[in-house]
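A.B. asks: Sharing a structure, written as structure tokens. Questions coming.
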Amino acid sequence: MAPRLAALPSPAAPAPSQEWWRDAVVYQVYLRSFADSNGDGIGDIAGLRSRLPYLVWLGVDALWINPHYPSGGADGGYDIVDYRAVDPDYGDLADLEALVADANQLGLKVILDVVPNHTSDQHPWFQQALADPSSPEANRYHFAEASEEPPNNWQSLFGGPAWSRTPDGRWYLHLFAPEQPDLNWRDPAVADDFDQTLRFWLDRGVSGFRVDVAYGLIKDDQLRDNPGAYSPTLFGHGPEQAMTWNQPEVHDVWRRWRAICDEYPGTMLVGEVCLSDLDQVALYSRPDELHQSFSFRLIKSGWDAAAFADGVQTALDAFATVGAPVSWVLGNHDKDRQVSRFGGGTLGTARARAATLLMLALPGSPYLYAGDELALPQAVVPDEAKLDPIFHRSGGARAGRDGCRVPMPWNEAPGVGFSPDGAAAPWLPIPDDWSQHAVSRQTRDGGSTLTLYRRALALRAAHPALGSGRATVSTSGDVLTVRCAGDDETVTCVLNMGADTALVPNPGTVLLASTTHVKNAHGTVALPADTAVWLLEG
Ligand code: NOJ
Ligand code: CA
């Protein structure tokens, strides 16, 4: 007789619905630029709330809102003065609670941005640390004694040294702008306070957090010199910056945060981890750490099939080792709009549409940046209107990020419907010709990019092979193919990144194409340059 096998204990896996984030389509709302309800020219929470039906209509699952906190205004809200409040520019706590309630009722999750690496220099802790060098608050930052030279060779990512002087001559560390002093996460008071911040928002029904600079909280304990300088052409930081980023102890912070989220079933954390080695990035999403960490390979790749294939495969392999989904990114508030990155105008738009079909086919969680569904180009913002510290700190040598943060065009009226009639000027100028991109116009146009996104998201929801299939990546010349095998059906995405039309086999039917010019005959599809297609097998 065969020996009896003891029943294996079944792991206490959460119900599938609690892991909604594994294949969720997340829409990133740049709050200041989304919709202005009260006419001050600044997008706000009530404006976003009034536009929730648009997001439901579009077909996304969740929204991530860029920082909504009271801020010193030095870096687009990433310099926070009070982590448990709402900036009056955006409304108040009641507005945020109403937004979360409405969103949840409409089936949308709300993800907030949290910025634990640095505070604003206006934060009460930093103010106290300036006033009294022996205060407990001073230990919550990185101060060094007055001396001729800064304590080490670290550079600010926004340009110049990462150290500035206090009025009494001490040095303090800021990996970003001088108005963003870095916190000292080796002081337990810092971690304790962030625990409270997380709970404060989780208690208000939010479904998670996007974690800013998740790879940077802990620094080398002796603040030693870095071996080399960071180059913006790299995919992310590497060994040349080994003392600043990716210290092993940072993972303890994410274990601590994960434990808090586990007390609130169905909540999640997605980290910004800008390291060149995706295997290192994936380690931030081990089962007891962040649920996701962004994969930035596609947003950093040019229009090149080999680069895209490598970006997709490397991410799939890296995250498979930790059992986390890949979170894909083609656009965000830090990079030039994809239409412009891919060549601008008709060409850039065609490529952005095609790249989006690829991203939406891949297994995992795609992050869409507000306005990309309208094929917005990088706006030309006059220098005198620019606010980004990257532009100002580089003396104008770097263009800065204002051009991807310009308000949304909703309709074709003057002002494109961002603010109510008679409002103040928008906080960043909207280009004169942006009514051509307006939501109202694209809604009526069956060939618009907005219509393409909406169709693609509806098909993605209807065909689990899209978004949760097993992907096989291959290239043939400039043509990239990703076959996504679901349990019941298979959908293949073919992306032609070459200059000529490609003939590709069609194993079934064309589900969707990024252009109307795809010709489908005799088991093959003629795929023009700069287009993509979804093919359903069988
Ligand atoms: C990453 C954010 O996305 C960016 O906008 C910000 O400037 C830096 N972190 C600093 O917080
Ligand atoms: Ca407003």
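The values are calculated or read from the model by the stated rules, or taken from the named source; none is laboratory data. Just so it is clear, the structure is predicted and the values come from calculations on it, not from any experiment. In this analysis, Cβ positions are derived from the backbone assuming ideal geometry, glycine residues included, and neighbour counts consider all displayed protein chains. Surface areas here come from the heavy atoms of the whole protein model, side chains and all, with no ligands, DNA or RNA. Shrake-Rupley method; radii C 1.70, N 1.55, O 1.52, S 1.80 Å.
A.B. asks: Can you tell me which residue is nearest to ligand 1 (Cβ to nearest atom) among those in the range 400-426 that are among the hydrophobic types (A, V, I, L, M, F, W, C), over 19 Å from the mean Cα position of the chain (by Cα) and buried (at least 20 other Cβ atoms within 10 Å of the Cβ)?
C.D. replies: Restricting attention to the range 400-426, the residues satisfying the condition of being among the hydrophobic types (A, V, I, L, M, F, W, C) are 404, 406, 408, 410, 413, 416, 418, 423-425.
Next, only the ones that are over 19 Å from the mean Cα position of the chain (by Cα) stay: 410, 413, 416, 418, 423-425.
Among the residues that remain, those that are also buried (at least 20 other Cβ atoms within 10 Å of the Cβ) are: 410, 416, 418.
Numbers: 410: 24, 416: 24, 418: 21 Å.
Result: 418.
A.B. asks: Continuing with this model, one more query. What pairs come up if the first residue lies in the range 34-47 and is without any contact (Cβ under 8 Å) to a residue 24 or more places away in the chain, the second is open to solvent by 20 Å² or more (accessible area, probe 1.4 Å) and more than 16 Å from ligand 1 (Cβ to nearest atom), and their beta carbons are under 6 Å apart, counting only those six or more places apart or on different chains?
C.D. replies: 47/37
A.B. asks: Select from the range 97-110 the residues that are under 18 Å from residue 87 (Cβ atoms) and away from ligand 2 (no atom under 16 Å from the Cβ) and write down the one among them that is most open to solvent (accessible area, probe 1.4 Å).
C.D. replies: Restricting attention to the range 97-110, the residues satisfying the condition of being under 18 Å from residue 87 (Cβ atoms) are 97-100, 110.
Then drop every residue that is not away from ligand 2 (no atom under 16 Å from the Cβ), which leaves 97, 100, 110.
On the way: 97: 77, 100: 5, 110: 1 Å².
If we take residues in the range 97-110 being under 18 Å from residue 87 (Cβ atoms) and away from ligand 2 (no atom under 16 Å from the Cβ), then 97 is most open to solvent (accessible area, probe 1.4 Å).
A.B. asks: Take the range 134-161 and flag every residue that is of a type in the set (Phe, Trp, Tyr) and open to solvent by 30 Å² or more (accessible area, probe 1.4 Å).
C.D. replies: Result: 143, single match.
A.B. asks: Counting only residues that are of a type outside the set (Phe, Trp, Tyr) and open to solvent by less than 30 Å² (accessible area, probe 1.4 Å), give me the helices (runs of 4 or more DSSP H) lying completely in the range 320-399 with at least 3 of them.
C.D. replies: The qualifying helices (runs of 4 or more DSSP H) are 345-361.
A.B. asks: Residue 301 is checked against (1) surrounded by fewer than 23 Cβ atoms within 10 Å (Cβ to Cβ); (2) touching a His at 6+ places or on another chain (Cβ under 9 Å) and fails just one. What number does that condition carry?
C.D. replies: (2)
A.B. asks: Next question. Please find, within the range 34-77, the residue that is farthest from ligand 2 (Cβ to nearest atom) out of those that are touching a Lys or Arg at 6+ places or on another chain (Cβ under 8 Å) and assigned to a strand (DSSP E or B).
C.D. replies: Only one residue fits best here, namely 62.
A.B. asks: Take the residues in the range 78-91 that are more than 14 Å from ligand 2 (Cβ to nearest atom) and open to solvent by less than 30 Å² (accessible area, probe 1.4 Å); name whichever of them is farthest from residue 206 (Cα to Cα).
C.D. replies: Across the range 78-91, the extreme among qualifying residues is 79.
A.B. asks: A further question follows. Based on this model, can you work out whether residue 249 counts as under 20 Å from residue 158 (Cβ atoms), more than 16 Å from ligand 2 (Cβ to nearest atom) and acidic (Asp, Glu)?
C.D. replies: Numbers: under 20 Å from residue 158 (Cβ atoms): no; more than 16 Å from ligand 2 (Cβ to nearest atom): yes; acidic (Asp, Glu): yes.
Answer is no for this residue.
A.B. asks: Here is a follow-up. Do we have residue 228 as surrounded by fewer than 20 Cβ atoms within 10 Å (Cβ to Cβ) and not assigned by TED's automatic domain parsing to the domain that holds residue 295 here?
C.D. replies: no
Residue by residue, here is whether (1) closer than 20 Å to residue 271 by Cα; (2) not basic (Lys, Arg) holds:
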position: 173; (1), (2): no, yes
position: 185; (1), (2): yes, yes
position: 212; (1), (2): yes, yes
position: 224; (1), (2): no, no
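A.B. asks: Follow-up question, since we're still on this one. Could you list, in sequence order, all residues of the range 495-525 that are open to solvent by 50 Å² or more (accessible area, probe 1.4 Å) and touching a residue at least 60 places away in the same chain (Cβ under 8 Å)?
C.D. replies: Once the filter is applied, which keeps residues that are open to solvent by 50 Å² or more (accessible area, probe 1.4 Å) and touching a residue at least 60 places away in the same chain (Cβ under 8 Å), the range 495-525 yields only 516.
A.B. asks: May I pose another question? Looking at 372, 388, which is the one that is over 30 Å from residue 533 (Cα atoms) and either more than 16 Å from ligand 1 (Cβ to nearest atom) or within 21 Å of the chain's Cα centre (by Cα) (or both)?
C.D. replies: 388
A.B. asks: Across the range 12-33, which residue is nearest to residue 212 (Cα to Cα) among those that are open to solvent by 10 Å² or more (accessible area, probe 1.4 Å), more than 10 Å from ligand 2 (Cβ to nearest atom) and assigned to a helix (DSSP H, G or I)?
C.D. replies: Only one residue fits best here, namely 21.
A.B. asks: Find all pairs meeting these conditions: Cβ atoms under 7 angstrom apart; at least six residues apart or on different chains; first residue within the range 86-111 and assigned by TED's automatic domain parsing to the domain that holds residue 61; second residue of a type in the set (S, T, N, Q) and surrounded by 14 or more Cβ atoms within 10 Å (Cβ to Cβ).
C.D. replies: 87/71; 109/207; 110/207; 111/207
A.B. asks: Report, by residue number, each residue of the range 111-133 that is part of a loop (DSSP other than H, G, I, E, B), open to solvent by 10 Å² or more (accessible area, probe 1.4 Å) and among the polar types (S, T, N, Q).
C.D. replies: 122
A.B. asks: Of the residues 229, 189, 259, which single one is away from ligand 2 (no atom under 16 Å from the Cβ) and assigned to a loop (DSSP other than H, G, I, E, B)?
C.D. replies: Criteria check complete, one pass: 229.
A.B. asks: What do you reckon, is residue 164 open to solvent by 20 Å² or more (accessible area, probe 1.4 Å) and in a loop (DSSP other than H, G, I, E, B)?
C.D. replies: Details: open to solvent by 20 Å² or more (accessible area, probe 1.4 Å): yes; in a loop (DSSP other than H, G, I, E, B): no.
It is false that residue 164 is open to solvent by 20 Å² or more (accessible area, probe 1.4 Å) and in a loop (DSSP other than H, G, I, E, B).
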